[in-house]
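First comes the structure, then the notes that go with it.
Just so you know, all these numbers are worked out from the coordinates, no wet-lab data involved. It should be emphasised that the depicted structure is a prediction, and the values quoted were computed from it without experimental measurement. Using ideal geometry, Cβ is built from the backbone for each residue, glycine included, and neighbour counts are taken over all protein chains shown.
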Amino acid sequence: PRVELAWAMRAHQHAQVYFNLISSVDPKFLNLTKVDDQIYSEFRKTFRDLKIDVLDPEDLKSEPAKEKWRPFCLRFEGVVEDFNYGTLLRLDSRRDYTEENTIFGQ
C-alpha cells in the first residue's frame, strides 16, 4: 500500500506538469521523449481503431485490451527514460485531470 500510494502521488505530480505543458504549448510541437514519433507510429499500427478523443475504459481494462496493451508498452521498456508500466490517462482529452476523468492504465 505505501508503494502504491507513493506511485500515485508521483503519477499525480507528473500529470499536473504534463497538463501544464500541453496547455501552454501547442502539442504538435511538443516532444516529451526522443522517441515520440516512434511511439506514436507504433501506437497507431497497434490500435488503428481506438477512438482517442474520449476513451472507453473497456478499451483499456478488458482482458482482450490488456493483451494488446502489455506488449505495446513493453516495446519501450529500456527505451523511454523513467519507463513505468502504469500511467494516468484522461478519459476525455478535452478535460483536465480530475477524479472522474482520470483512469489508471496498466
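Of note:
- Among the chymotrypsin sites (Phe, Trp or Tyr not before Pro) within the chain, those in coil by DSSP and having at most 13 neighbouring Cβ atoms inside 10 Å are F83, Y85.
- Lysine pair number, Cα distance threshold 20 Å (strictly under), region 31-105, separation 8 or more or different chains: 7
- Theoretical ellipticity at 222 nm over the chain - DSSP helices of four or more residues, -39500 (n - 2.57) apiece, nearest 500: -15000 deg cm²/dmol
- One decimal place: the segment V25-K61 gains 9.9 nm when fully extended, by the rule 0.36 nm per residue minus the C-alpha distance.
- Rounded to the nearest whole angstrom, the semi-axes of the ellipsoid equivalent to the chain, taken from the Cα gyration tensor as √(5λ), stand at 19, 18, 16, largest first.
- Residues of the chain were split at every exposed loop site, defined as trypsin sites (Lys or Arg not before Pro) in a DSSP loop with at most 16 other C-beta atoms within 10 angstrom, and the longest piece left, sites excluded, is 1-33.
- In loop segments of the chain as defined by DSSP, the GluC sites (Glu not before Pro) with at most 13 further C-beta atoms inside 10 Å of their C-beta are E77, E81, E99, E100.
- Averaging the sequence gap over all C-alpha pairs within less than 8 Å and six or more residues apart, then dividing by the number of residues, gives the chain a relative contact order of 28 percent.
- Taking amide H atoms as placed 1.01 Å from N in the peptide plane, the amide H of L91 lies under 5 Å from those of T102, I103, each 5 or more residues away in sequence or on another chain.
- Estimated from the Cβ-Cβ distance and a Förster radius of 22 angstrom, the FRET efficiency linking W7 and V54 is about 0.30.
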